[in-house]
Amino acid sequence: MTTTRSIAKIEKVEESFSVIAEEQSRLNSRIESLDANLNSRMNMLETSMVAILLAIQALKTSRVVPTTAVASKASTSAAANGEPESGTLVKDCTRMSRFWKPGTEKPRLVEDEEGGVLFYTAAASSGYGLASIEKQRQRLPVYKYRTAILYLVETHATTIIVGETGSGKTTQIPQYLKESGWAEGGRMIACTQPRRLAVQTVASRVAEEMGVKLGEEVGYTIRFEDITNNELTRIKFLTDGVLLREMMDDPLLGKYSVIMVDEAHERSLSTDILLGLLKKIQRRRPDLRLVISSATIEARSMASFFNTSRKRQGRDDGEHVPRKEPAILSVEGRGFNVQICYVEEPVPDYIRAAVSTVCSIHDEESMGDILVFLTGQDDIDAAIQLLTEDSHSRKQGLIVLPLYSGLPRADQDIIFSPTPRGKRKVIISTNIAETSLTLEGVVYVVDCGFSKQRFYNPMIDIENLVVTPISKASARQRAGRAGRIRPGKCYRLYTEEYFINEMSADGIPEMQRSNLVSCVIQLKALGIDNILGFDWPASPSPEALIRALEVLYSLGVLDDDAKLTSPAGFQVAEIPLDPMVSKMILASNDYGCSEEVITIAAVLSIQSIWFSGRGAQKELDEARLRFAAAEGDHVTFLNVYKGFIGSGKSSNWCHKNHVNYHAMKKVDEIRQQLRRIAQRLGIALKSCEGDMKAVRKAVTAGFFANACRLEAFSHNGLYKTVRSSQEVYIHPSSVLFRVNPKWVVFHSIVSTDRQYMRNVITIDPSWLTEAAPQFYQQQQLKPRPH
DNA sequence: GAGCACTGC
């Protein structure tokens, strides 16, 4: 028993290794292609710089003296793998003095680790007391580049802004564009963000700076919240996902004059899709300008992606045609220096190493909070255990706090409360603190060098979470978290040699690590027929694309020519959910149970409706049993939702039943949105009034590909998937755990030492052939002779 | 009888 488990474990590790090796070789070929294009991009950079110079000269002669200081030529020596936070190479640029305005701080040229992108640094202007908003705006580093940015946007189809945190680019650039007329004539300036919270905070900040009411001249749109006004809004902040949805109604995004894609270096799935589509739109809309904001490392690959000029520069000199080669401009940030410390020898156990590093910081360094990056909840719990044991026997003064997304809201709030005098907070966090949350007061960062990443294996159609070494870009981002309030220190639990020689420059884009069904259907809905030939910022593997096409074909969403079917294909594309869930909703119309199925879809699209708390496992199990349905988890969700509604959506009721109140509110919101969409699609909102067979049939219509059969004579609950005979088990959190019905379909798989099915429902095998006759041959379903 | 990096429509 233990042996088979160990073997399974070894096999899983081996599989992870092969996935990583595969990604490594993909990365290598990418580096090669980067090298191959280096020269042409250096030329491009130079021409961009010359363009700025010309602009400034022109402005000088027209007696408008810009405050910008500009260098004339990029240094080409690639100080490969240098570390900008610590060992930055600072030198004066001799040719710069010509443009250095006397009486101001002399600008310095800082060479970037890639050698290709310039930073201009100048001391932040000093000033005390309350400044007007306008003064504050002028004090942001980006202000010095206002003229240059406007010139570049005017003359280039695409401008890439390399900006460190705190440069002010996100709040200022849209305002500069508006001030110079890009929002006139009824046009709008769009600025996308990867996260909802960022959209909201940036939009309200900009509205405040402009002295307008949020939702009028400045507005924002995120899912469930559209704070814009059709007549008035000129600057609109939105998530990249929302902009993708907008493209379904307006494929050329005609109402926007400039689209700024912020945080593009994060390379999220929707950012990458958006970038690919924007490049396509540019060809049809020469008037459209793109501003891509990106971190250093990604800037040049972005530039080569958007470079559509075909070496016929002579034809670009038309008056109104912008240059096709992107311009790159770097803006320094406002973070403080962070000193980087490496370990001398590789550490055998990063949790112990992290704990002892925290202790020595506490003993030896001045006050300031500590942020520790580990990979997941298990690591965090283990570290906290070690640390609290340790600090009991030592002096007091450490407040140890965990941070991860699954943490209950109240526990997260403690982290943001100010550190009491004489105390030091130690926040032990997952990647959530790398980009999604900002913690003030952190002066020391401890970086274990790993994070959990999703990897998708198209062969067995399973996504896996794997502890993976982070990239240099991530390491820099983590270190930067120490320099927000004053100069800080970052302790890397790996050697400098490893950082320089072995750590990859940037991570693998999500596009190359994910299941692509949602992505493919979105592109199909936008009329992109040749998915395999689409010009992606990072091409996904053909296997993953083919698998996605197969799944969509089996769902009846794509036809034999891989075109969207009508109406089913277009309807599924319209619903903002995983296509299998969307298909389930469409099918619910036929079975007269759309109200129930929409509730199920809403629950499936959030993480968990249960209140997580490690100590209270028994209580949670008992609570779950109160709602348990023999049919399975989906029906159990219906029972919980019914109870929640019956209680008048009471938080008290949730608390008593170990249900997560915030999750249920979200379920309710998603449910309302899905009902509106369903009505638009002509799906009758109808309840089956307790006929759970109808609900199960609808679930089967979407998830037939996830059908599993209990192995004959299996005493330990072993199932095999009908499609590929994968060995799977029902997850212990399922209400069908140990019940082991003969036939089930599952919503998703989590793979740990076994493959576990999460959210399972019983079915009748005859429904499979009914739902997908082309997918299941009748004979496959017959019991095996024994 | 066990475990959930992080987003988003």
When you check A:Pro540 against the structure, is it away from DNA strand B (no atom under 12 Å from the Cβ), crowded, with 21+ Cβ neighbours inside 10 Å, of a type outside the set (Val, Ile, Thr) and under 25 Å from A:Arg300 (Cα atoms), yes or no?
yes
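Name the one entry in A:Thr636, A:Thr599 that is under 21 Å from A:Ile763 (Cα atoms) and either aliphatic (A, V, I, L, M) or more than 29 Å from the chain's Cα centre (by Cα) (or both).
Working: A:Thr599 fails: either aliphatic (A, V, I, L, M) or more than 29 Å from the chain's Cα centre (by Cα) (or both).
After applying the criteria, what remains is A:Thr636.
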Just checking, how many residues over region A:186-197 are closer than 29 Å to A:Asn337 by Cβ and assigned to a helix (DSSP H, G or I)?
1
Do we have A:Glu574 as open to solvent by 50 Å² or more (accessible area, probe 1.4 Å), in contact with a strand residue (DSSP E or B) (Cβ under 7 Å, 6 or more places away or on another chain) and charged (D, E, K, R) here?
no
Mind listing just one residue for me: the one in region A:731-768 that is away from DNA strand B (no atom under 12 Å from the Cβ) and of a type in the set (Phe, Trp, Tyr) and, of those, nearest to A:Ile606 (Cα to Cα)?
A:Phe746
List the number of the failed condition for A:Gln200; all other conditions in (1) in a loop (DSSP other than H, G, I, E, B); (2) within 10 Å of DNA strand B (Cβ to nearest atom) hold.
(1)
Among the listed residues A:Arg476, A:Arg484, identify the single one that is out of contact with any Pro (no Cβ under 9 Å at 6 or more places or on another chain) and farther than 22 Å from A:Ser304 by Cα.
A:Arg484
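What do you reckon, is A:Cys688 without any contact (Cβ under 8 Å) to a residue 60 or more places away in the chain, assigned by TED's automatic domain parsing to the domain that holds A:Phe627 and more than 16 Å from DNA strand B (Cβ to nearest atom)? Even if it seems obvious, please write down each step before you answer.
Details: without any contact (Cβ under 8 Å) to a residue 60 or more places away in the chain: no; assigned by TED's automatic domain parsing to the domain that holds A:Phe627: yes; more than 16 Å from DNA strand B (Cβ to nearest atom): yes.
In short, no.
Quick check on A:Gly556: is it open to solvent by 10 Å² or more (accessible area, probe 1.4 Å), touching a residue at least 12 places away in the same chain (Cβ under 8 Å) and not assigned by TED's automatic domain parsing to the domain that holds A:Phe703?
Working: open to solvent by 10 Å² or more (accessible area, probe 1.4 Å): yes; touching a residue at least 12 places away in the same chain (Cβ under 8 Å): yes; not assigned by TED's automatic domain parsing to the domain that holds A:Phe703: yes.
Against the criterion (open to solvent by 10 Å² or more (accessible area, probe 1.4 Å), touching a residue at least 12 places away in the same chain (Cβ under 8 Å) and not assigned by TED's automatic domain parsing to the domain that holds A:Phe703), A:Gly556 qualifies.
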In region A:541-554, residues that are of a type in the set (A, V, I, L, M, F, W, C) and in contact with a Pro (Cβ under 6 Å, 6 or more places away or on another chain) total 1
Only one of A:Gly449, A:Gly422 that is more than 13 Å from DNA strand B (Cβ to nearest atom) and open to solvent by 10 Å² or more (accessible area, probe 1.4 Å)
A:Gly422
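For every residue, the table says whether it meets (1) assigned to a helix (DSSP H, G or I); (2) open to solvent by less than 50 Å² (accessible area, probe 1.4 Å); (3) within 14 Å of DNA strand B (Cβ to nearest atom).
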{"site": "A:Met247", "(1), (2), (3)": "yes, yes, yes"}
{"site": "A:Pro251", "(1), (2), (3)": "no, no, no"}
{"site": "A:Ile259", "(1), (2), (3)": "no, yes, no"}
{"site": "A:Leu274", "(1), (2), (3)": "yes, yes, yes"}
What number of residues within region A:469-497 are outside any loop (DSSP other than H, G, I, E, B), open to solvent by 10 Å² or more (accessible area, probe 1.4 Å) and within 16 Å of DNA strand B (Cβ to nearest atom)?
4
Can you name the residue in region A:749-779 that is aliphatic (A, V, I, L, M) and out of contact with any strand residue (DSSP E or B) (no Cβ under 9 Å at 6 or more places or on another chain) and is also nearest to A:Pro458 (Cα to Cα) among such residues?
A:Ala772
Could you check region A:691-712 and list, in sequence order, the residues that are without any contact (Cβ under 8 Å) to a residue 24 or more places away in the chain and either open to solvent by 60 Å² or more (accessible area, probe 1.4 Å) or not charged (D, E, K, R) (or both)?
A:Lys693
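Per-residue answers, yes or no, for (1) open to solvent by 20 Å² or more (accessible area, probe 1.4 Å); (2) under 19 Å from A:Ala771 (Cα atoms); (3) assigned by TED's automatic domain parsing to the domain that holds A:Arg696; (4) within 16 Å of DNA strand B (Cβ to nearest atom):
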residue: A:Ala602; (1), (2), (3), (4): no, no, yes, yes
residue: A:Ser612; (1), (2), (3), (4): yes, no, yes, yes
residue: A:Asp621; (1), (2), (3), (4): yes, no, yes, yes
residue: A:Gly632; (1), (2), (3), (4): no, no, yes, yes
residue: A:Thr636; (1), (2), (3), (4): no, no, yes, yes
residue: A:Lys642; (1), (2), (3), (4): yes, no, yes, no
residue: A:Ser647; (1), (2), (3), (4): yes, no, yes, no
Identify, please: which residue in region A:213-231 is part of a loop (DSSP other than H, G, I, E, B) and within 23 Å of the chain's Cα centre (by Cα) and is, among those, surrounded by the fewest Cβ atoms within 10 Å (Cβ to Cβ)?
A:Phe224
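If the requirement is being in a strand (DSSP E or B) and small (Gly, Ala, Ser), which of these qualifies: A:Ser733, A:Ser714, A:Ser724, A:Ser748? So that I can check it myself, show each step before the final result.
Numbers: A:Ser733 fails: in a strand (DSSP E or B); A:Ser714 fails: in a strand (DSSP E or B); A:Ser724 fails: in a strand (DSSP E or B).
After ruling out the rest, the residue left standing is A:Ser748.
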Which condition number in (1) within 13 Å of DNA strand B (Cβ to nearest atom); (2) surrounded by 16 or more Cβ atoms within 10 Å (Cβ to Cβ) is the one that A:Asn716 fails?
(2)
Can you tell me how many residues in region A:162-185 are in a helix (DSSP H, G or I) and either open to solvent by 10 Å² or more (accessible area, probe 1.4 Å) or free of Cβ contacts under 8 Å to residues at least 60 places away in the same chain (or both)?
7
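Of A:Met210, A:Met188, which residue is open to solvent by less than 40 Å² (accessible area, probe 1.4 Å), among the aliphatic types (A, V, I, L, M), in contact with a strand residue (DSSP E or B) (Cβ under 8 Å, 6 or more places away or on another chain) and more than 16 Å from DNA strand B (Cβ to nearest atom)? It would help to see each step written out before you state the result.
On the way: A:Met210 fails: open to solvent by less than 40 Å² (accessible area, probe 1.4 Å).
Every option except A:Met188 fails the conditions.
The values are calculated or read from the model by the stated rules, or taken from the named source; none is laboratory data. This one's a predicted model, so the numbers in the text were calculated from it and none came from an experiment. Don't worry about glycine lacking a Cβ; one is built from the backbone with ideal geometry, like all the others, and counts go over all protein chains shown. In case anyone asks, the SASA skips ligands and DNA or RNA and just uses the protein heavy atoms, side chains included. Shrake-Rupley method; radii C 1.70, N 1.55, O 1.52, S 1.80 Å.
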